Amino acid sequence: MGQNGRLLAMLLIGLFFGTGLGFLLAAPMPGAHDHESHDHAVVHDRMTEAVDPVPSLALSLTRDADGGANLHLRTENFRFAPEAAGGPHRPGEGHAHIYVDGEKIARAYGPWFHIAEVADHAQSLTVTLHANDHSALAKAGQPIAATADLGDLN
């Protein structure tokens, strides 16, 4: 085999092993949370019944002078726990989901959230409390939620 033949053989061997190594490195690690393998809507539709003391939620929504609106989530018996998002459920902690006219626009990991733009036709804003595992927190089978009318902002 000549010099060119050896170079071609080495190139093919390198491509073969390099490609295999690339696939191994790109494969998900065992136990990793793979967002591609499941439908989050299904996970988020699951409810976890809150235990005493049951969390509560109230909203304040004010127009921001620089545009959009500022949302204040006032909770009792609930701690925002961004460091635990995606982890196991722990009573009394988690995050919130924010919906405008029933469409989820964001998650909130603290009591204040800025909504950059509120469409002129938008009617309502709803916030639900969620456990670390993304299940909706519930009281007597109903999600713990609060709703604000967006008519005053438009």
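The values are calculated or read from the model by the stated rules, or taken from the named source; none is laboratory data. Note that this is a predicted model, so its numbers are computed, not measured. Every residue, glycine among them, receives a Cβ derived from its backbone with ideal geometry; neighbour counts consider all protein chains shown. Heads up: the accessible areas ignore ligands, DNA and RNA and are worked out on the full protein's heavy atoms, side chains in. Shrake-Rupley method; radii C 1.70, N 1.55, O 1.52, S 1.80 Å.
For region 127-137, state whether one or more residues are in contact with a Gly (Cβ under 9 Å, 6 or more places away or on another chain), closer than 17 Å to L61 by Cβ and hydroxyl-bearing (S, T, Y). No, region 127-137 contains no residue that is in contact with a Gly (Cβ under 9 Å, 6 or more places away or on another chain), closer than 17 Å to L61 by Cβ and hydroxyl-bearing (S, T, Y).
Hey, any hits in region 59-78 for a residue that's open to solvent by less than 70 Å² (accessible area, probe 1.4 Å) and hydroxyl-bearing (S, T, Y)? Within region 59-78 (the criterion being open to solvent by less than 70 Å² (accessible area, probe 1.4 Å) and hydroxyl-bearing (S, T, Y)), the answer is yes, since at least one residue qualifies. Taking (1) within 19 Å of T62 (Cβ to Cβ); (2) open to solvent by 20 Å² or more (accessible area, probe 1.4 Å); (3) under 18 Å from the mean Cα position of the chain (by Cα); (4) not basic (K, R) in turn, A108 satisfies each apart from (2). A140 passes every criterion in (1) under 21 Å from E76 (Cα atoms); (2) hydrophobic (A, V, I, L, M, F, W, C); (3) open to solvent by less than 80 Å² (accessible area, probe 1.4 Å) apart from (3).
Evaluated against (1) open to solvent by 40 Å² or more (accessible area, probe 1.4 Å); (2) modelled with pLDDT under 50, H40 falls short on exactly one condition, (1).
Do we find a residue being modelled with pLDDT under 95 and outside any helix (DSSP H, G or I) anywhere in region 6-21? Checked against the condition, which is being modelled with pLDDT under 95 and outside any helix (DSSP H, G or I), region 6-21 yields no hits at all.
The single condition among (1) without any contact (Cβ under 8 Å) to a residue 60 or more places away in the chain; (2) open to solvent by less than 10 Å² (accessible area, probe 1.4 Å); (3) within 13 Å of the chain's Cα centre (by Cα) that A122 does not satisfy is (3).
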